[in-house]
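Here the structure is laid out as structure tokens; the discussion comes afterwards.
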Amino acid sequence: MCVKPIVMPVLAALIVAAPTDTRAAERPPNVVIVFIDDMGYADIGPFASNGHPNYPTPNLDRMAAEGRRFTDFQVAQAVCSASRAALMTGCYSNRVSILGALFPGHTHGINPAETTIAEICKQKDYATAVYGKWHLGHHPKFLPTSHGFDEYLGLPYSNDMWPWTYDNERAPAGHRKAKRYPSLPLIENTKVVDADVTPEDQAQLTTQYTDRAVDFIERNKDRPFFLYVPHTMVHVPIFVSEKFKGKSGAGLYGDVMMEIDWSVGQILDALRENGLAEDTLVIFTADNGPWLNYGNHAGKTGGLREGKGTMFEGGSRNATLMWWPSTIPAGTTCDTVAMTIDILPTVAHLIGAELPERKIDGKNIWPIIAGEPGAKSPHEAYFLYYGNQLQAVRTDRWKLHLPHAYRHYVMDQVGQNGHPGKTTRRRIGYALFDMDADRNETTDVKDQHPKVVARMKELAKQMRADLGDQGKPGPGIRPPGKLTPGDQRLQW
């Protein structure tokens with residue numbers, strides 16, 4: 001059952017019917033995606049395991065009450081660049097050869113031949129902008145304005161890729177981070193506007209991105225737009241502006257999450273104030289789960305197994321909200337599994353745009369989002385890679401882990417105040433979990449369901465024939481974009 005009413009701290013709006021396909025012909029909807037970095041599944045009120053985190057998130061509570069919770073929304077890979085590549089292209093990260101997290105020394109990025117959501121929207125003359133962390137390549141040919149976006153302001157990669165220590169002090173010459181990283185740049189379009197981002201600068205990023213987002217909405221209220229806000233926070237090191245510093249009573253992490261909640265509220269308010277609420281789909285989700293070994297500077301999984309960097313649910317399942325007043329049924333919950341790769345084809349459907357010519361993996365999930373009676377996933381299965389290894393196969397009810405090694409967080413030895421704690425390596429063999437009864441992946445039931453295991457192994461075999469596995473590339477893999485001798489390089 002996909003549609004269920006939920007009890008929230010504010011009144012839900014009336015449930016109304018989903019739109020007909022004629023809306024796209026009249027005026028295609030605006031689309032806003034807010035993408036949080038390293039957020040835990042239980043970090044916001046609508047998903048907190050005890051009904052509320054130990055800090056308030058009133059705007060996200062309101063978004064859930066007026067919209068729809070997705071309790072089983074997955075990312076293609078639980079790591080920064082790979083996750084973003086899947087969101088932007090509608091493809092498994094392996095198909096477009098963006099794996100792991102890109103670093104300042106890398107000379108590859110998203111291929112110009114791939115089609116982004118922004119380029120889908122450009123078919124319908126949308127205004128497009130991204131304010132936040134890009135992480136799909138930092139040289140000009142890889143930056144957003146070369147991939148369908150009119151405007152960009154943000155960091156080109158993760159905010160810990162800089163020459164500062166865990167105590168947020170500038171690393172001295174010879175220090176590991178000083179040798180590994182250049183100064184951290186803030187980029188506007190393709191120009192570096194701050195060549196040396198400091199801790200004080202990072203504390204203003206959430207506000208800067210939010211102010212730009214609101215201004216973009218106001219400037220483009222008379223035309224359809226696509227707005228992408230991939231926040232730098234709550235990736236460590238975490239920072240917060242003075243207006244939220246110490247306000248949560250739950251430490252710095254709580255302060256930062258309160259500011260994220262404020263940012264969402266500013267965007268929703270701007271849509272309402274400009275008469276755009278009933279013309280705009282807003283999606284709130286995250287790139288992966290929490291970096292648990294950072295202790296009090298990391299989020300909470302609500303009991304889901306492991307975290308970022310693994311394809312257990314603590315890494316791949318993300319708290320997701322979708323909001324579109326008078327269109328998405330208010331105050332409802334969807335438990336049907338879905339994935340970020342499905343957003344691009346769903347947006348294409350809503351606005352009446354053509355899908356990319358190149359093969360994608362996502363499918364239109366609008367019937368699920370709209371709460372249509374009897375709506376089911378259009379996928380037979382999802383395939384959970386990490387790096388170039390196929391680690392799990394997921395259907396609506398079942399999840400089969402394939403033999404692999406994984407990062408294990410040692411929870412009695414976590415770090416504090418920005419310092420990392422201990423992780424180890426463990427292995428899992430074939431293991432089947434019933435996701436309806438055991439989303440925390442605690443009880444292997446493969447011996448009770450041999451036919452299910454056999455079918456899922458066959459699905460894995462079929463995917464390996466397309467995208468390969470463990471260093472054996474498949475024919476469906478496409479190359480990333482690469483710098484050539486004549487290409488401009490970012491200078492700062």
Count of residues meeting criterion [assigned to a helix (DSSP H, G or I) and either touching a His at 6+ places or on another chain (Cβ under 6 Å) or crowded, with 17+ Cβ neighbours inside 10 Å (or both)] in segment 267-289:
6
Of 95, 62, the only residue that is over 13 Å from the mean Cα position of the chain (by Cα), assigned to a helix (DSSP H, G or I) and modelled with pLDDT of 95 or more is 62
Filter result for residue 380 (touching a helix residue (DSSP H, G or I) at 6+ places or on another chain (Cβ under 9 Å), more than 21 Å from residue 79 (Cα to Cα) and surrounded by fewer than 20 Cβ atoms within 10 Å (Cβ to Cβ))
yes
How many residues are modelled with pLDDT of 95 or more, over 24 Å from residue 235 (Cα atoms) and among the aliphatic types (A, V, I, L, M) if we restrict to segment 19-59?
1
Quick check on segment 338-377: of everything there that is open to solvent by 40 Å² or more (accessible area, probe 1.4 Å) and under 20 Å from the mean Cα position of the chain (by Cα), which residue is nearest to residue 459 (Cα to Cα)?
363
Cβ-Cβ under 9 Å, sequence separation 6+ or interchain: first residue in segment 260-281 and over 12 Å from residue 221 (Cβ atoms), partner open to solvent by 10 Å² or more (accessible area, probe 1.4 Å) and aromatic (Phe, Trp, Tyr). Which pairs?
261/55; 262/244
Of all the strands (runs of 3 or more DSSP E) wholly in segment 328-404, which have at least 3 residues that are within 30 Å of residue 427 (Cα to Cα) and in contact (Cβ under 8 Å) with a residue 24 or more places away in the chain?
382-386, 389-394, 398-401
Taking the criterion of being under 24 Å from residue 252 (Cβ atoms) and either open to solvent by 10 Å² or more (accessible area, probe 1.4 Å) or charged (D, E, K, R) (or both), would at least one residue in segment 187-195 satisfy it?
yes
Could you check residue 242 against (1) over 23 Å from residue 327 (Cα atoms); (2) free of Cβ contacts under 8 Å to residues at least 24 places away in the same chain and say which number it fails?
(2)
Residues (closer than 19 Å to residue 303 by Cα and either at pLDDT below 95 or exposed (fewer than 12 other Cβ atoms within 10 Å of the Cβ) (or both)) located in segment 403-423
412
Residues 157, 152: which one is modelled with pLDDT of 95 or more, aromatic (Phe, Trp, Tyr), outside any loop (DSSP other than H, G, I, E, B) and out of contact with any Cys (no Cβ under 6 Å at 6 or more places or on another chain)?
152
Just the residues that are in contact (Cβ under 8 Å) with a residue 12 or more places away in the chain, among the small types (Gly, Ala, Ser) and either open to solvent by 10 Å² or more (accessible area, probe 1.4 Å) or part of a loop (DSSP other than H, G, I, E, B) (or both), please, taken from segment 100-149.
100, 101, 113, 132, 137, 146, 148
Among the residues of segment 239-266, which ones are out of contact with any Pro (no Cβ under 9 Å at 6 or more places or on another chain), closer than 18 Å to residue 416 by Cβ and surrounded by 23 or more Cβ atoms within 10 Å (Cβ to Cβ)?
240, 253, 256
Would you say residue 437 is assigned to a loop (DSSP other than H, G, I, E, B), farther than 22 Å from residue 305 by Cα and small (Gly, Ala, Ser)?
no
Residue 459: passes all of (1) within 27 Å of the chain's Cα centre (by Cα); (2) surrounded by fewer than 11 Cβ atoms within 10 Å (Cβ to Cβ) but (2)
State whether the residues of segment 141-151 include one that is under 18 Å from the mean Cα position of the chain (by Cα) and β-branched (Val, Ile, Thr).
no
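The values are calculated or read from the model by the stated rules, or taken from the named source; none is laboratory data. Since the structure is predicted, the reported quantities are computational estimates derived from the model, not experimental observations. For neighbour counting, all protein chains shown are included, and Cβ atoms are generated from backbone atoms with ideal geometry for every residue, glycine included. With ligands, DNA and RNA removed, areas are computed over all heavy atoms of the protein, side chains included. Shrake-Rupley method; radii C 1.70, N 1.55, O 1.52, S 1.80 Å.
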